[in-house]
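The structure appears below as structure tokens.
Rule-based calculations on the coordinates, nothing more; no lab input. Because the structure is predicted, anything quoted here is derived from the model rather than measured. Here Cβ is always computed from backbone atoms with ideal geometry, including for glycine, and neighbour counts include all displayed protein chains.
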């Protein structure tokens with residue numbers, strides 16, 4: 001039997017010091033958001049030969065899923081709309097996935113930004129139960145924070161800015177994040193995996209977070225990429241991107257090799 005967990009009730013509106021580019025955008029109804037997401041899913045099902053193909057961020061494997069329903073739609077001011085969508089594995093009706101869809105206004109339309117796994121099926125005895133991923137997508141952190149404002153951006157706001165940057169680059173790159181390796185000059189075609197915890201603020205350098213990307217089509221080759229952000233015109237903006245760890249072949253597997261470390265919060269190259 002499927003465990004649905006605790007439902008988030010109501011519409012979530014987060015108002016912070018860093019609202020992002022969508023503040024004041026046209027407001028869409030829940031039905032309009034659902035329709036936009038269902039149309040996106042239907043198009044992907046058509047392209048996928050009757051299934052919704054979704055890449056498991058943890059394993060890099062493609063899942064063949066069937067749409068069940070949209071359960072909850074939430075709004076985060078300045079960032080767009082987020083929906084919990086239920087899918088089942090094709091041919092395995094007891095195995096469910098909970099996938100979060102992110103859409104945002106662009107003029108009078110809603111555009112798809114990204115979809116991230118929220119819960120996945122895990123076998124417990126003879127049953128499949130939904131298990132929450134860690135770390136959670138940043139939009140769930142908004143629901144857990146205490147009210148009030150702070151002088152600094154909250155961790156979820158930094159993650160939101162990084163994720164927005166990555167999502168825009170994925171759209172520009174035809175589904176991959178293209179990054180020129182400053183060491184080799186090679187252009188890398190990468191698939192976004194996750195943003196690490198914790199997010200930090202480094203004095204004099206702005207905000208900082210690590211991320212994981214895998215080489216397109218090679219699930220075991222994973223890069224650790226660092227992002228720096230600063231506030232520009234009341235908006236958090238990615239100002240620097242660097243490869244922190246590169247995948248290196250050792251025997252039959254891949255391990256991450258440091259390119260630099262930190263000393264007193266300053267990057268120091270490793271020869």
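At 0.890 mPa s and 25 °C, plugging the Kirkwood radius over alpha-carbon pairs of segment 150-269 into Stokes-Einstein gives what diffusion coefficient in µm²/s? Before the final figure, lay out the partial values.
Working: Rh = 15.1 Å.
D = 162 µm²/s.
The radius of gyration of the Cα set in the chain, together with its Dmax, comes out at 19.3, 56 angstrom. What the Cα convex hull of segment 30-143 gives, in volume per residue, is 113 Å³.
FRET efficiency for residue 270 and residue 168, Cβ-Cβ distance as r, R0 = 22 Å, nearest 0.05? Mind showing how you got there, number by number?
On the way: r = 31 Å, r/R0 = 1.41.
Efficiency at R0 = 22 Å is approximately 0.10.
At a 10 angstrom cut-off on C-beta neighbours, averaged per residue, how do the peptides 190-200, 39-49 rank from highest to lowest? Write down the numbers at each step before the final one.
Working: 190-200: 17.6, 39-49: 13.4.
So the peptides 190-200, 39-49, ranked by packing, come out 190-200, 39-49.
Listing 270, 166, 70 from fewest to most neighbouring C-beta atoms within 10 Å gives 270, 70, 166. Contact order, relative form, for segment 30-143: 16 percent (alpha carbon pairs under 8 Å, 6 or more residues apart, mean separation divided by residue count).
Run lengths n ≥ 4 of DSSP H only: what is the helix-derived mean residue ellipticity at 222 nm for the chain, with -39500 (n - 2.57) per run over all residues, to the nearest 500? Walk me through the numbers before you get to the answer.
On the way: 3 runs with 43 residues, N = 271.
The helix-only estimate for the chain comes to -5000 deg cm²/dmol at 222 nm.
Highest average first, the peptides 206-214, 243-251, 102-110 ordered by how many other beta carbon atoms sit within 10 Å of their residues are 206-214, 102-110, 243-251.
Pairs of Cα atoms nearer than 8 Å and 6+ residues apart set the relative contact order; for segment 150-269 it is 16 percent. If R0 is 30 Å, the Cβ-Cβ spacing of residue 218 and residue 45 corresponds to a FRET efficiency of close to 0.70.
With both labels modelled 7 Å from their Cα along Cα-to-Cβ, the residue 260 to residue 134 distance reads 3.1 nm.
Test of understanding: ordering 76, 99 by Cβ neighbours within 10 Å, fewest first, what list do you get?
Working: 76 25, 99 21.
Ranking 76, 99 by Cβ neighbours within 10 Å, fewest first, gives 99, 76.
Take every pair of alpha-carbon atoms less than 8 Å apart whose residues are at least six positions apart; their mean separation over the length of the chain yields a relative contact order of 12 percent.
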